[in-house]
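Engineer: Please see the structure below; I have some questions.
The values are calculated or read from the model by the stated rules, or taken from the named source; none is laboratory data. Since we're looking at a predicted model, the values are computed, not measured. Note that each Cβ is placed from the backbone with ideal geometry, even for glycine, and that neighbours are counted across all protein chains shown.
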Amino acid sequence: MLIKCPHCGTRPVEEFTFNGDASIQRPTSNDPATMDQWFDYVYLRDNPKGRFDEYAHHSSGCRAWLVVTRDTQTHEIFNVVTARDYAKKRVAS
Amino acid sequence: MKYSVFSLLKNTLSGHKKWPAAWRDPQPKKDYEVVIIGGGGHGLATAYYLAKVHGISNVAVLEKSWLGSGNVGRNTTIIRSNYMLPGNNPFYEWSMKLWEGLEQDFNFNAMVSQRGVLNLCHTDPQRDAFARRGNAMRIDGVDAELLDAEGVREMYPFLDFNNARFPIKGGILQRRGGTVRHDAVAWGYARGADSRGVDIIQNCEVTGIKTVKGKVVGVGTNKGFIGCKKLGLAAAGNSSEVAAMAGLKLPIESHVLQAFVSEGLKPYIDGVVTFGAGHFYVSQSDKGGLVFGGDIDGYNSYARRGNLPMVEHVIEAGVAMIPGLARVRVLRSWGGIMDMSMDGSPIIDKTSIDGLYLNAGWCYGGFKATPASGWCFAHTIAHDELHKLNAAYRLDRFRRGYMIDEKGQGASPNLH
């Protein structure tokens, strides 16, 4: 698997550390009434077979947090953006 | 037919041309009392114990591919019950006890071989942790022996005891652990279930789960609709996909785990040895190949193949433990899809939907659990309540805060 880092260019997969589903959103409230949202955020996953947005840390490279959009069956990579751009786009939409 | 020395002699005289098929290849009936999704080890074991222990034989096992094509035929065949936490250990020890009597029970040679499982330690704190785990095991009636470096050297003199970075200080040995011929487990359970009236339907993929007023009524498949009163999910790496058909979202991610086998060698390693400084475990098959594996690749995957960096990592760990492995050639490697749960422990439970039962989250420890998993899942389905052995494996334990986290990694499936 080769991943095209926005800063470093195309790099091999062993330079990256993966940290799971990027599409889930951290709840903003500390109110105990939002415990269900926290439970969903911490424990439940869609775990899709197919297109998947996933956090990847370029840990042996520029150390930027990225979001890689990949097919979990074929490992085809559709898109790589920085985690910041991913979050900004989510806020904008 | 019962397999015995007499049936063997009889069939030898007829040139082994008259053995009957080990199980039927039936078409699905319109409805069943229980349908199990997943014809792997756990699904077949569940059907077997439903028929044998609970007298429920109006059961179908639906397998989307051929029988045993999933993880039951892809693992490294190790059995052990060397866990520490209270929710886990009695369950895995029951599994070990079932392994010990399994071949007589289902009349099939599964080559259960209690050749010993040895975990190596490389530091004093690691030895302390092993002593603690060994004591926890012995409280639950499991055998555990703490060995010093000399004790390990007597068993495996070719290990790298004086490795500069990871010297071997000792190990914890479970003599009753060992290996089992994995395919034969699927075949034995399939034959045992089939002979008691269970329909095993291969190449039958479930496409939907139908519920009416919160109760399961059947499943849609590529062979048409099959009605059922109770439905058990035992779909391993595909658990999330199948559960989603019933509107359930699980605390599970699917990851790929690779396994390897070397060219055939003369007898070299007579037990199972695991490296304590990295994740590496090895045993030798009866054909002579070294069977070994390591960690999952670390990213979500439904592809039954892994990447080369993990191949390199596993081989490095192996050579650090046994320098002689550097001269051995790998014959092949393959991957399987693991249902990694959020605390590294499994789920055998009822669900919020009436008549729907879940067996999932086995991470990469599912094979050793096959008998107890089937046994407990059958009990849960038959009685609509959990047995005390799987009482801790509740689906709602994450919400309630009762995780069973042997490794203490938290809700990070790729680290368990």
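Engineer: State whether one or more residues within segment B:391-412 are among the polar types (S, T, N, Q), under 26 Å from residue B:48 (Cβ atoms) and touching a helix residue (DSSP H, G or I) at 6+ places or on another chain (Cβ under 7 Å).
Structural biologist: No, segment B:391-412 contains no residue that is among the polar types (S, T, N, Q), under 26 Å from residue B:48 (Cβ atoms) and touching a helix residue (DSSP H, G or I) at 6+ places or on another chain (Cβ under 7 Å).
Engineer: Any residue at all in segment B:323-330 that's in contact (Cβ under 8 Å) with a residue 12 or more places away in the chain, over 15 Å from residue B:283 (Cα atoms) and either touching a Phe, Trp or Tyr at 6+ places or on another chain (Cβ under 7 Å) or crowded, with 20+ Cβ neighbours inside 10 Å (or both)?
Structural biologist: Looking for residues that are in contact (Cβ under 8 Å) with a residue 12 or more places away in the chain, over 15 Å from residue B:283 (Cα atoms) and either touching a Phe, Trp or Tyr at 6+ places or on another chain (Cβ under 7 Å) or crowded, with 20+ Cβ neighbours inside 10 Å (or both), one finds none in segment B:323-330, hence no.
Engineer: Could you tell me which numbered condition residue A:37 fails, if it satisfies all but one of (1) assigned to a loop (DSSP other than H, G, I, E, B); (2) within 14 Å of another protein chain (Cβ to nearest Cβ); (3) at negative phi; (4) not hydroxyl-bearing (Ser, Thr, Tyr)?
Structural biologist: Here residue A:37 meets the rest and fails (1).
Engineer: May I ask you to list the residues in segment B:112-140 that are outside any helix (DSSP H, G or I), out of contact with any Gly (no Cβ under 8 Å at 6 or more places or on another chain) and either surrounded by 15 or more Cβ atoms within 10 Å (Cβ to Cβ) or modelled with pLDDT under 95 (or both)? Break it down into steps so the answer makes sense when it comes.
Structural biologist: The first filter runs over segment B:112-140 and keeps only residues outside any helix (DSSP H, G or I), leaving B:112-123, B:140.
The next check asks that each one be out of contact with any Gly (no Cβ under 8 Å at 6 or more places or on another chain); those that pass are B:123, B:140.
Answer for segment B:112-140, where residues must be outside any helix (DSSP H, G or I), out of contact with any Gly (no Cβ under 8 Å at 6 or more places or on another chain) and either surrounded by 15 or more Cβ atoms within 10 Å (Cβ to Cβ) or modelled with pLDDT under 95 (or both): just B:140.
Engineer: Do we find that residue B:283 is of a type in the set (Gly, Ala, Ser), assigned to a strand (DSSP E or B) and closer than 17 Å to residue B:112 by Cα in this structure?
Structural biologist: Spelling it out, residue B:283 is indeed of a type in the set (Gly, Ala, Ser), assigned to a strand (DSSP E or B) and closer than 17 Å to residue B:112 by Cα.
Engineer: Starting from residues that are surrounded by fewer than 13 Cβ atoms within 10 Å (Cβ to Cβ) and within 20 Å of residue A:77 (Cβ to Cβ), keep the ones in segment A:8-33 and report whichever is nearest to the other protein chains (Cβ to nearest Cβ).
Structural biologist: Initial filter on segment A:8-33 (surrounded by fewer than 13 Cβ atoms within 10 Å (Cβ to Cβ)): A:9-10, A:25-26, A:28-33.
From the residues that got through so far, the ones that are within 20 Å of residue A:77 (Cβ to Cβ) too are A:9-10.
Numbers: A:9: 18, A:10: 15 Å.
Step by step, filter segment A:8-33, then rank; the result is A:10.
Engineer: Here is a further query. State whether one or more residues within segment B:184-202 are modelled with pLDDT of 95 or more, among the β-branched types (Val, Ile, Thr) and more than 23 Å from residue B:72 (Cα to Cα).
Structural biologist: The answer is no, given that none of the residues of segment B:184-202 is modelled with pLDDT of 95 or more, among the β-branched types (Val, Ile, Thr) and more than 23 Å from residue B:72 (Cα to Cα).
Engineer: With respect to the numbered conditions (1) within 14 Å of another protein chain (Cβ to nearest Cβ); (2) without any contact (Cβ under 8 Å) to a residue 24 or more places away in the chain, which one is the sole condition not fulfilled by residue B:342?
Structural biologist: (2)
Engineer: Right, residue B:257: modelled with pLDDT of 95 or more, within 30 Å of residue B:209 (Cβ to Cβ) and within 14 Å of another protein chain (Cβ to nearest Cβ) or not?
Structural biologist: Details: modelled with pLDDT of 95 or more: yes; within 30 Å of residue B:209 (Cβ to Cβ): yes; within 14 Å of another protein chain (Cβ to nearest Cβ): no.
Against the criterion (modelled with pLDDT of 95 or more, within 30 Å of residue B:209 (Cβ to Cβ) and within 14 Å of another protein chain (Cβ to nearest Cβ)), residue B:257 does not qualify.
Engineer: Take the residues in segment A:63-91 that are β-branched (Val, Ile, Thr) and at the interface with chain B (Cβ under 10 Å from one of its Cβ atoms), then tell me which one is nearest to residue B:237 (Cα to Cα).
Structural biologist: Only one residue tops the list, namely A:72.
Engineer: Sticking with this one: Going through A:74, A:82, A:34 one at a time, which residue ends up being farther than 30 Å from residue B:402 by Cα, free of Cβ contacts under 8 Å to residues at least 12 places away in the same chain and among the hydroxyl-bearing types (Ser, Thr, Tyr)?
Structural biologist: Working: A:82 fails: free of Cβ contacts under 8 Å to residues at least 12 places away in the same chain; A:34 fails: farther than 30 Å from residue B:402 by Cα.
Sole residue among the options that is farther than 30 Å from residue B:402 by Cα, free of Cβ contacts under 8 Å to residues at least 12 places away in the same chain and among the hydroxyl-bearing types (Ser, Thr, Tyr): A:74.
Engineer: So which residues in segment B:303-322 are touching a helix residue (DSSP H, G or I) at 6+ places or on another chain (Cβ under 8 Å) and buried (at least 22 other Cβ atoms within 10 Å of the Cβ)?
Structural biologist: Result: B:318, single match.
Engineer: Next question. Does segment B:189-222 hold any residues that are of a type in the set (Gly, Ala, Ser), surrounded by fewer than 24 Cβ atoms within 10 Å (Cβ to Cβ) and not in a strand (DSSP E or B), and which are they? Before you say what the answer is, go through the steps one by one.
Structural biologist: Taking segment B:189-222 as the starting set, the residues that turn out to be of a type in the set (Gly, Ala, Ser) are B:190, B:192-193, B:195, B:197, B:208, B:214, B:218, B:220.
Then drop every residue that is not surrounded by fewer than 24 Cβ atoms within 10 Å (Cβ to Cβ), which leaves B:195, B:197, B:208, B:214, B:218, B:220.
Answer for segment B:189-222, where residues must be of a type in the set (Gly, Ala, Ser), surrounded by fewer than 24 Cβ atoms within 10 Å (Cβ to Cβ) and not in a strand (DSSP E or B): B:195, B:197, B:214.
Engineer: Report whether or not residue B:361 is of a type outside the set (Lys, Arg), at pLDDT 95 or above and within 13 Å of the chain's Cα centre (by Cα).
Structural biologist: When the stated conditions are applied, residue B:361 passes them.
Engineer: Name every residue in segment B:286-319 that is at the interface with chain A (Cβ under 10 Å from one of its Cβ atoms) and part of a helix (DSSP H, G or I), in order of residue number.
Structural biologist: Across segment B:286-319, the qualifying residues are B:308, B:309, B:310, B:312, B:313.
Engineer: A further question follows. I need every pair where a residue in segment A:41-62 that is within 7 Å of chain B (Cβ to nearest Cβ) has its Cβ under 6 Å from the Cβ of a residue that is assigned to a helix (DSSP H, G or I) and crowded, with 19+ Cβ neighbours inside 10 Å, sequence separation at least 6 or different chains.
Structural biologist: The qualifying pairs are A:43/B:398; A:47/B:240.
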